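*Asks:* Dropping the structure in here first, questions after.
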Amino acid sequence: MIGVTTMRLTILLLMAVSAHAQDDLSKQLLTIKRIYVERLTGGETAAQMRDLLISSLHGAKLYVLTENPERADAILRGAAEDLIYTDQFQSSDSVDLHGGVGTGSRSTRTSTAARSLSVSVGDRESADIRERKHEALGTVRLVNKDGDVIWSTTQESNGAKFRGASADVADKITRQLEADYQRARQH
């Protein structure tokens, strides 16, 4: 019984220390003055996403952005992808109905009679829908000089009303950083 209680207290203490350490790392958002945005990994569009991210962060005016990693207090690292593709949907439906009735009689001298009835109905419908889609994804982390991750986020977008998916992702990343910065200021 004493062993279980000791283990529970140890776990609670470790959780408190871990939460405090993470809180200390997020407080570092307030001490950073200068950020270097590293080249993002990903497809060919990662370089464009980096430029959009730099522009969005510069507009937020939280930090000074530098092109010299030696002068930076923290480095923003991550990956980005911007995909344009065509989503295709094909369907085909058909309904057919056939029917037929026939009668006949034959006599050698007086009369010959024949009757026949036939019905046929058919309907066929097909659809081929092609939709151009555009989606972007960015996952970034802010790393201090000791190599500790002090902030991270992942954002994605299918595009906004008046901007493309990549620009929307860059703005979402910036808004998330601003919100977390303000949250750190309030604690």
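No value in this document is a laboratory result; all are computed from the given coordinates. None of the values given here were measured: they were computed from a predicted structure. Positions of Cβ are backbone-derived with ideal geometry, glycine not excepted, and every protein chain shown enters the neighbour counts.
*Asks:* Please go through the residue pairs 61/161; 133/161; 33/172; 145/172; 33/61 and name each one whose alpha carbons sit more than 18 Å apart in this structure.
*Replies:* Working: 61/161 24 Å; 133/161 14 Å; 33/172 21 Å; 145/172 25 Å; 33/61 10 Å.
Distance filter (> 18 Å) returns 61/161; 33/172; 145/172.
*Asks:* Only counting other Cβ atoms within 10 Å, I'd like 75, 150 sorted with the fewest neighbours first.
*Replies:* Least to most surrounded, the residues fall as 75, 150.
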